[in-house]
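Below is one structure; the comments refer to it alone.
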Amino acid sequence: MFYFDRGLFLRTPGLAVDVPRRQPQGFISHAHTDHVARHELALCTPETALLYQHRFGQRDVRTLPYGEPLQWGGVTLTTFPAGHCLGSAMLLAEERGRRLLYTGDFKLSASRTAGAAKPPRADILVIESTFGDPRYRFPKRAAVEATLVEIVRDALRAGAVPVVYAYALGKAQEVTRILTDAGIGVLQHKSVFAISRVYAECGVELGKHDVFHHQVPENHAVVLPPRAHQAASLPRRKIVSIAATGWAIDPRAARRWCTDHAVPLSDHADFDELVQAVRQVGAERVYCTHGPESFVECLCDLGLPAERLGKRVQMRLF
Ligand SMILES: [Zn+2]
């Protein structure tokens with residue numbers, strides 16, 4: 001028997017999923033801050049375990065490598081790649097032949113630093129739908145990458161320092177790999193660099209990069225987390241700033257991020273990928289979380305059985 005309550009996915013004896021408050025037993029779909037807490041026992045992929053312990057130090061973890069089923073109080077739990085950041089996973093829970101899939105943050109297509117998500121079929125789907133509005137249709141990834149490289153090259157040609165703002169876990173490593181693949185050296189904020197070392201430990205190479213101090217040699221870009229403006233002492237040369245975010249689809253994104261440019265490089269599924277994922281999983285019931293309420297209507301208009309995952313109502317799924 002499964003229940004959802006305010007984002008908690010529970011089953012006696014209790015497993016909370018992606019709850020950012022300490023739990024006796026918590027599944028962590030990936031290591032972004034809004035999904036983790038210092039649980040008494042954390043369940044996650046081995047890669048997420050490294051990132052989790054990088055942040056919180058040595059803690060009790062039960063690892064669930066992709067595709068390896070684990071018996072958990074009468075339920076079989078299996079993780080599947082979510083294509084979001086290093087170690088990101090979807091969770092499939094099976095009980096008496098019924099299958100529930102929780103996606104967590106995901107992206108169907110591959111990026112330079114994350115493989116494509118592989119959602120399995122399920123009877124019930126709980127889907128994260130951040131960009132569940134038809135205006136969020138991202139251009140092809142190769143085109144977004146080309147735009148980013150072009151802006152950075154233009155800045156370098158003009159004698160400026162290109163500074164890319166990207167989330168420290170996931171996006172910053174992807175930006176780094178895109179730039180180093182284009183022959184541009186990267187200097188990373190120390191918080192980004194520390195996470196990049198975990199990527200390297202897991203075999204994800206990022207090319208020629210180092211930690212940023214004060215000097216920026218020629219043909220180098222700087223990668224900083226958002227809001228690191230004051231923390232990083234940037235050189236006095238002219239700076240061209242770029243935000244790498246899915247929200248760049250919004251015309252005012254650059255102004256909101258206080259940058260010169262914004263490129264729609266996202267590690268989430270866009271509207272079309274969300275719909276594709278729902279079709280692929282083929283569930284008889286679909287619960288949407290974290291996205292616009294209108295996404296539920298969009299799915300219903302397409303004949304897909306969707307409803308909003310209630311925040312306050314406890315809902316029995318079996
Ligand atoms: Zn995330």
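The values are calculated or read from the model by the stated rules, or taken from the named source; none is laboratory data. Only a predicted model underlies this, so the values are computations on that prediction, with no experimental measurement involved. Cβ atoms come from the backbone with ideal geometry, glycine included; neighbour counts cover every protein chain shown.
Matching residues to (1) aliphatic (A, V, I, L, M); (2) in a loop (DSSP other than H, G, I, E, B); (3) touching a Lys or Arg at 6+ places or on another chain (Cβ under 7 Å):
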residue	(1), (2), (3)
Thr79	no, no, no
Gly83	no, yes, yes
Thr113	no, yes, yes
Pro120	no, yes, no
Val126	yes, no, no
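If only one of Leu51, Leu43 is crowded, with 17+ Cβ neighbours inside 10 Å, within 16 Å of the ligand (Cβ to nearest atom) and not in a loop (DSSP other than H, G, I, E, B), which one is it?
Numbers: Leu43 fails: within 16 Å of the ligand (Cβ to nearest atom).
It is Leu51.
Could you give me the residue pairs with C-beta distances under 8 Å whose first residue belongs to region 235-247 and is assigned by TED's automatic domain parsing to the domain that holds Tyr165 and without any contact (Cβ under 8 Å) to a residue 60 or more places away in the chain, whose second residue is part of a strand (DSSP E or B) and buried (at least 23 other Cβ atoms within 10 Å of the Cβ) wherever it lies, and which are 6+ apart or on separate chains?
Between residues of region 235-247 that are assigned by TED's automatic domain parsing to the domain that holds Tyr165 and without any contact (Cβ under 8 Å) to a residue 60 or more places away in the chain and residues that are part of a strand (DSSP E or B) and buried (at least 23 other Cβ atoms within 10 Å of the Cβ), the close pairs are Trp247/Ala262.
Of all residues in region 295-318 being at pLDDT 90 or above and within 22 Å of the chain's Cα centre (by Cα), which is surrounded by the most Cβ atoms within 10 Å (Cβ to Cβ)? Give the derivation first.
Of all residues in region 295-318, those at pLDDT 90 or above come to 295-306.
Those still in the list that are within 22 Å of the chain's Cα centre (by Cα) too: 295-296.
On the way: Phe295: 24, Val296: 20.
Applying the filter and picking the extreme gives Phe295.
Search region 131-162 for residues being buried (at least 19 other Cβ atoms within 10 Å of the Cβ) and more than 19 Å from Ser241 (Cβ to Cβ), and hand back the single one that is nearest to the chain's Cα centre (by Cα).
Among those that are buried (at least 19 other Cβ atoms within 10 Å of the Cβ) and more than 19 Å from Ser241 (Cβ to Cβ), it is Phe131.
Is it true that some residue in region 174-189 is free of Cβ contacts under 8 Å to residues at least 60 places away in the same chain, among the acidic types (Asp, Glu) and not in a loop (DSSP other than H, G, I, E, B)?
Step one: filter region 174-189 for residues free of Cβ contacts under 8 Å to residues at least 60 places away in the same chain, giving 176, 179-180, 182-189.
Checking which are among the acidic types (Asp, Glu) leaves us with none.
Looking for residues that are free of Cβ contacts under 8 Å to residues at least 60 places away in the same chain, among the acidic types (Asp, Glu) and not in a loop (DSSP other than H, G, I, E, B), one finds none in region 174-189, hence no.
Among the residues of region 72-100 satisfying the criterion of being aliphatic (A, V, I, L, M) and within 25 Å of Lys171 (Cα to Cα), which is farthest from the ligand (Cβ to nearest atom)? Write out each step before concluding.
In the first step, residues of region 72-100 are kept if they are aliphatic (A, V, I, L, M); the result is 75, 77, 82, 86, 89-93, 100.
When the remaining residues are screened for being within 25 Å of Lys171 (Cα to Cα), the result is 82, 86, 89-91.
Details: Ala82: 9, Leu86: 11, Ala89: 11, Met90: 13, Leu91: 14 Å.
Across region 72-100, the extreme among qualifying residues is Leu91.
Condition first: more than 15 Å from Cys288 (Cβ to Cβ) and either of a type in the set (Gly, Ala, Ser) or assigned to a loop (DSSP other than H, G, I, E, B) (or both). Now tell me which residues in region 128-149 satisfy that. Write out each step before concluding.
So the first thing to find is which residues in region 128-149 are more than 15 Å from Cys288 (Cβ to Cβ), and the list is 135, 137-149.
Hits for region 128-149 are Arg135, Arg137, Phe138, Pro139, Lys140, Ala142, Ala143, Ala146.
Checking the conditions here, which among Gly159, Gly115 is without any contact (Cβ under 8 Å) to a residue 40 or more places away in the chain and of a type outside the set (Lys, Arg)?
Numbers: Gly159 fails: without any contact (Cβ under 8 Å) to a residue 40 or more places away in the chain.
One residue alone meets the criteria, Gly115.
Return the total of residues in region 248-273 being away from the ligand (no atom under 14 Å from the Cβ), under 24 Å from Leu108 (Cα atoms) and not aliphatic (A, V, I, L, M).
Residues flagged as away from the ligand (no atom under 14 Å from the Cβ), under 24 Å from Leu108 (Cα atoms) and not aliphatic (A, V, I, L, M) within region 248-273 amount to 6.
So how many residues does region 65-86 have that are of a type in the set (Val, Ile, Thr) and either exposed (fewer than 14 other Cβ atoms within 10 Å of the Cβ) or not assigned by TED's automatic domain parsing to the domain that holds Ala49 (or both)? Quick ask: steps written out before the conclusion?
Filtering region 65-86 down to residues of a type in the set (Val, Ile, Thr) leaves 75-76, 78-79.
If we keep only those that are either exposed (fewer than 14 other Cβ atoms within 10 Å of the Cβ) or not assigned by TED's automatic domain parsing to the domain that holds Ala49 (or both) too, we end up with 76.
Number satisfying all stated conditions: 1.
Among Pro24, Pro20, Pro69, Pro65, which is the only one that is within 16 Å of the ligand (Cβ to nearest atom) and either farther than 24 Å from Arg121 by Cα or over 17 Å from the mean Cα position of the chain (by Cα) (or both)? Walk me through it before giving the result.
Numbers: Pro24 fails: within 16 Å of the ligand (Cβ to nearest atom); Pro69 fails: within 16 Å of the ligand (Cβ to nearest atom); Pro65 fails: within 16 Å of the ligand (Cβ to nearest atom).
When all the criteria are applied, what remains is Pro20.
Among (1) buried (at least 19 other Cβ atoms within 10 Å of the Cβ); (2) touching an Asp or Glu at 6+ places or on another chain (Cβ under 7 Å); (3) modelled with pLDDT of 95 or more, where does Ala89 come up short?
The one condition Ala89 does not meet is (2).
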